[in-house]
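Have a look at the structure below, then the notes.
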Amino acid sequence: MRLDKYLKISRLIKRRTVACDACNAGRVSVNGVVRKASYEVKPDDVLEIAFGERSVKVRILSVDEIVTKDGAKEMYEQL
């Protein structure tokens, strides 16, 4: 699954266009390397997203295409 789509489906970022902009601006890294929005994520990847002063670090547990609002938090674990 594309990185920007994963960020939207997992509800780490609210909209896909915002997720795409964050990726292209270099604020999202996967396993310590800054990646573009088209990068294919897989389980056990570690994402780090910079939101201004704070950053969020999560490990991907699953990559599902269709997820409910409650199931979105089960797609990753916060580190």
* Go through 37-43, 52-58, 8-14 and give me the packing order, highest mean Cβ count within 10 Å leading. => 8-14, 37-43, 52-58
* To do: Run the quick spin-label model on Lys36 and Asn24: label points 7 Å from Cα toward the beta carbon, then report their separation in nm to one decimal.
  => 1.0
* Using just the helices of the chain, give the 222 nm mean residue ellipticity in deg cm²/dmol: DSSP H runs with n ≥ 4 each add -39,500 (n - 2.57), and the total is spread over all residues, rounded to 500. => -5500 deg cm²/dmol
* **the chain, relative contact order in percent, only Cα pairs under 8 angstrom and at least six apart counted** => 27
* Taking the radius of gyration and the Kirkwood hydrodynamic radius from Cα positions alone, what is the Rg/Rh ratio for the chain, to two decimal places? -> 0.91
* Asked: By average Cβ neighbour count within 10 Å, what is the ranking of 15-26, 61-72 from highest down?
  -> 15-26, 61-72
* Asked: Summing +1 for each Lys or Arg and -1 for each Asp or Glu, what net charge is found among the other residues whose Cβ lies under 14 Å from the Cβ of Arg54?
  -> 0
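All of the numbers you see were taken from the coordinates with simple rules; none came from a lab. If you're wondering where the values come from, they're calculated on a predicted model, not measured in any experiment. All Cβ positions, glycine included, derive from the backbone under ideal geometry; neighbour counts span all protein chains shown.
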